[in-house]
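The values are calculated or read from the model by the stated rules, or taken from the named source; none is laboratory data. Fair warning: this is a prediction, and the values are worked out from it, not measured in the lab. Using ideal geometry, Cβ is built from the backbone for each residue, glycine included, and neighbour counts are taken over all protein chains shown.
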Amino acid sequence: MGTTQKTANTSIPLAEQRRRHLPAKAAFGWLSAGWRDLWHNPLPSLLYGFAVFLLSAAIVWSLFRLQLDYILFPALAGFMVVGPLVAIGLYRKSRDIEEGVHPSLGRMVLVKAASGAQVWYTGAILCLLMLVWMRAAVIIYALFMGLRPFPGLDRIVTTLFTTTEGLGMILVGTVVGGLFAAFSFAISTFAIPMLLAERTDAFTAMGTSISFVFRNLPVMLVWGAIVLALSVIGIVTGFLGLIIIFPLLGHGTWHSYKAIR
């Protein structure tokens, strides 16, 4: 019986095995499952979210302190690139809940990934991608604004929406930023959970993540929209919303990986 099942599975092309045919609404099920994990022994998740809030606030304060406020918006967008790595402790908690292990903050912080250092290698790649995006954003600004100094956050909205250069920068920046966002989402959304749970290498995990995303595109587009919308809410609330939103998305991402995998 086991041999027959194995033979049947291996007769299916790998590409088709990776297509789960999940409905787009399944993304809301992942969010619901993440909500349940968040409130299962909620203190570790909330402390994790509070740490992300403090880190975000500290980074923004440092940018203003160092007079680097002109890279604030690219930095906020770049945070979404490395977010899956930062959320690894939340994946650990969701996995512990599945396995009947009592989740604790210690286990979430001192994560032992099945792939060992490969998870940090992937993290380094994501950080490099974030730096490339931030450099691209600065170049786009220079292409449209020349050597004009950054007008400051109090005048940037007027500059962007009332000048030809500003509108052009919005258009090009949105296209380029969208490409960066799509690529980073595709390579990371399943790679980090996979490296946590399975023994594999970074490039295999990232390649598999891309395959999972593009072979299950409808549900992943909905999930990506949910992640983007909630992340924006977390940012516009002065990062306070991240105390709940970041753990919610982290736990939900683990369930998306389990559903697709």
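Scanning the range 56-75 for residues that are without any contact (Cβ under 8 Å) to a residue 12 or more places away in the chain and either closer than 21 Å to residue 243 by Cβ or touching an Asp or Glu at 6+ places or on another chain (Cβ under 8 Å) (or both) turns up 58, 61, 62. For the range 124-167, residues that are more than 22 Å from residue 78 (Cβ to Cβ) and in contact (Cβ under 8 Å) with a residue 12 or more places away in the chain total 1. Scanning for something touching an Asp or Glu at 6+ places or on another chain (Cβ under 8 Å) and among the hydrophobic types (A, V, I, L, M, F, W, C), does the range 235-258 turn up at least one residue? Yes, the range 235-258 has at least one match. Taking the range 39-77 as the range and being aromatic (Phe, Trp, Tyr), over 22 Å from the mean Cα position of the chain (by Cα) and over 27 Å from residue 141 (Cα atoms) as the test, no residue passes. Looking at this structure, is residue 168 out of contact with any strand residue (DSSP E or B) (no Cβ under 8 Å at 6 or more places or on another chain) and more than 24 Å from residue 252 (Cβ to Cβ)? Taking the combined requirement at face value, the residue satisfies it.
Restricting to the range 30-45, name every residue that is surrounded by fewer than 16 Cβ atoms within 10 Å (Cβ to Cβ) and either assigned to a helix (DSSP H, G or I) or small (Gly, Ala, Ser) (or both). The answer is 32, 35, 36, 42, 43.
When you look at residue 27, is it at negative phi, touching a Phe, Trp or Tyr at 6+ places or on another chain (Cβ under 7 Å) and either surrounded by fewer than 21 Cβ atoms within 10 Å (Cβ to Cβ) or in a helix (DSSP H, G or I) (or both), yes or no? Answer is yes for this residue.
For the range 98-194, list the helices (runs of 4 or more DSSP H) that sit wholly inside it and hold at least 1 residues that are at pLDDT 85 or above, hydrophobic (A, V, I, L, M, F, W, C) and loosely packed, with under 13 Cβ neighbours inside 10 Å; which are they?
Qualifying helices (runs of 4 or more DSSP H): 118-145, 164-188.
Figure legend. Inter-residue proximity from the range 104-123: first residues farther than 16 Å from residue 206 by Cβ, second residues hydrophobic (A, V, I, L, M, F, W, C) and surrounded by fewer than 17 Cβ atoms within 10 Å (Cβ to Cβ), beta-carbon distance below 9 Å, spacing 6+ or different chains. Indicated pairs: 105/43; 105/47; 107/101; 108/47.
Filtered by the rule that a residue be among the β-branched types (Val, Ile, Thr) and either in a loop (DSSP other than H, G, I, E, B) or over 28 Å from residue 183 (Cβ atoms) (or both), the range 56-97 gives a lone residue, 97.
Name the single residue, out of those in the range 227-261 being hydroxyl-bearing (Ser, Thr, Tyr) and part of a helix (DSSP H, G or I), that is surrounded by the fewest Cβ atoms within 10 Å (Cβ to Cβ). Applying the filter and picking the extreme gives 231.
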